[in-house]
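Read through the structure below, which is laid out as structure tokens, and then see the notes.
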Amino acid sequence: MDVTLTPSSVRGEARAPPSKSYTHRAILASGYADGALVHDALWSADTRATARAVDLFGGAVSRDRETGRLEVDGFGGRPDVPPDVLDCDNSGTTMRLVSATAALADGTTVLTGDASLRSRPQGPLLEAITDLDGVAMSTRGNGQAPLVITGPVSGGTVSIPGDVSSQYLSALLMAGAVTDEGIELELETELKSAPYVDVTIEVLDEFGVEARRTADGFAVDGGQHYEPTDGEYAVPGDFSSISYLAAAGAVAGDDAVLVKGAYPSAQGDIAIVEILERMGAEIDWDEADGVLEVAASDLEGIEVSVEDTPDLLPTIATLGAVASGDTQITNAEHVRYKETDRVSAMAEELGNMGVETTEEQDALTIHGDESSLEGATVDGRGDHRIVMSLAIAGLVADGETTIQGAEHVDVSFPNFFEVLYELGAELERHD
């Protein structure tokens, strides 16, 4: 599907979609438990992949279409050997989280995904599972899927890099709680994307499991039991997705865009509020009521590190294309190992729209004063975050902007274009 946008003003109310990060963890935590009800879950391509994994490990996930509530029958911390290959589709979070689950099963699990996912690094997690006396290998010997994992592991101490993906740590902490010995993680390098581990620890706590930071990394005791209070868990709003709605208000808001469901949590992408404030956006956040209000204003370029907030790079790059001066995004090398190389993707696609950028291995600078944002045909690169960020650029570009592959918003914000249309955006779909 392609979507064409013409310059538009936006206004009114929108509700934040549920957090993808929290939903993944809540579904899997419910699988580790005897079961749970998960309210306000994001039902997207990625989270459906995690639900399928829970099914294959011996649990069952069903969804109430009217309420969106998920009813999960768990496997009680003892996953079965899956009866089929576990296809994670395009979801890197699913593959990493459930690779550790597979290491608990008494037998062999095969995991794969689409072409994009089969190009993403899994090596450090495979090495960690091997160090815990499991057997974990890449069929191509390159640290990438397809993966073959044989357990069970009983726990222990393992060292792991922190600068490739925080999901390795989250996976091992979630699985470690139901091992006999627990798992202690010693970081070999500085941790990037640290807030995502905080999200994991927060979800574990909600499910009655204690994990902790240590002097060298993280640890979780074994023999714990997953059980949420009253058997239920509610997923908070997603600040990664909120960033696109907030950015729409900041660049094209007529009066204001009000985003509901924006409650504080451990999500690192809450940083979008501070980033917009620093850029000069007219923004107000009522944390108690979970309402974020953003109106259009003159933006100025700033320097932003995305060390802990990699998913915000595409949004910040789009804001930089509208802002005056330079917007320098630093500590960004790990952003190259997402669904696509998001550093190059944003540089190239914004470049197609007349935006001047300077790309370095770990940085992207957008030269707002040297740019004229013009409508063009751009490629969403099979990446939901690239698609949504380019759509925000299309609201204020001179002329029509057509985004190819726009259907990929289904990964994290399935009704993104419906929400944008209801806020006043002029857009047309081409199936």
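The values are calculated or read from the model by the stated rules, or taken from the named source; none is laboratory data. Keep in mind it's a predicted model, so treat the numbers as computed, not measured. Neighbour counts run over all protein chains shown; Cβ positions are idealised from the backbone, glycine included.
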Could you list, in sequence order, the residues of the range 31-50 that are of a type in the set (Gly, Ala, Ser) and under 15 Å from residue 80 (Cα atoms)?
31, 33
Is it true that residue 256 is more than 30 Å from residue 167 (Cβ to Cβ), buried (at least 22 other Cβ atoms within 10 Å of the Cβ) and either in contact with a strand residue (DSSP E or B) (Cβ under 6 Å, 6 or more places away or on another chain) or touching a residue at least 24 places away in the same chain (Cβ under 8 Å) (or both)?
no
Could you please tell me which pairs satisfy a Cβ distance under 9 Å, a separation of 6+ or placement on different chains, a first residue in the range 29-44 that is farther than 16 Å from residue 55 by Cα, and a second residue that is among the basic types (Lys, Arg) and surrounded by 24 or more Cβ atoms within 10 Å (Cβ to Cβ)?
42/20; 44/20
I want to confirm something. Restricting to the range 309-348 and keeping residues that are buried (at least 24 other Cβ atoms within 10 Å of the Cβ) and over 21 Å from the mean Cα position of the chain (by Cα), which single residue is farthest from residue 392 (Cα to Cα)?
327
For the range 389-418, give me the residue count where each residue is among the hydrophobic types (A, V, I, L, M, F, W, C), in a loop (DSSP other than H, G, I, E, B) and modelled with pLDDT of 95 or more.
1
Count of residues meeting criterion [farther than 17 Å from residue 7 by Cβ and not in a strand (DSSP E or B)] in the range 245-273
15
Could you tell me how many of the residues in the range 135-147 are surrounded by fewer than 21 Cβ atoms within 10 Å (Cβ to Cβ) and either at pLDDT below 95 or among the small types (Gly, Ala, Ser) (or both)?
3
Which one of these is more than 21 Å from residue 384 (Cα to Cα) and either assigned by TED's automatic domain parsing to the domain that holds residue 175 or part of a helix (DSSP H, G or I) (or both): 12, 58?
58
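Listed here are the residues, each with its yes/no results for (1) buried (at least 18 other Cβ atoms within 10 Å of the Cβ); (2) at pLDDT 95 or above; (3) not hydroxyl-bearing (Ser, Thr, Tyr).
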position: 24; (1), (2), (3): yes, yes, yes
position: 34; (1), (2), (3): no, yes, yes
position: 57; (1), (2), (3): yes, yes, yes
position: 62; (1), (2), (3): no, yes, no
position: 71; (1), (2), (3): no, yes, yes
position: 75; (1), (2), (3): yes, yes, yes
position: 98; (1), (2), (3): yes, yes, yes
position: 102; (1), (2), (3): yes, yes, yes
Does any residue in the range 371-398 that is under 14 Å from residue 425 (Cα atoms) and in the same structural domain as residue 44 (by TED's automatic domain parsing) come within less than 8 Å, Cβ to Cβ, of a residue that is of a type in the set (Gly, Ala, Ser) and crowded, with 23+ Cβ neighbours inside 10 Å six or more places away or on a different chain, and which pairs are these?
none
Here's a check for you: in the range 184-237, which residue that is hydroxyl-bearing (Ser, Thr, Tyr), surrounded by 14 or more Cβ atoms within 10 Å (Cβ to Cβ) and modelled with pLDDT under 95 is farthest from residue 19 (Cα to Cα)?
193
Here the residues within the range 297-308 that are at pLDDT 95 or above and either farther than 27 Å from residue 334 by Cβ or buried (at least 18 other Cβ atoms within 10 Å of the Cβ) (or both) are 298, 299, 301, 302, 304, 306
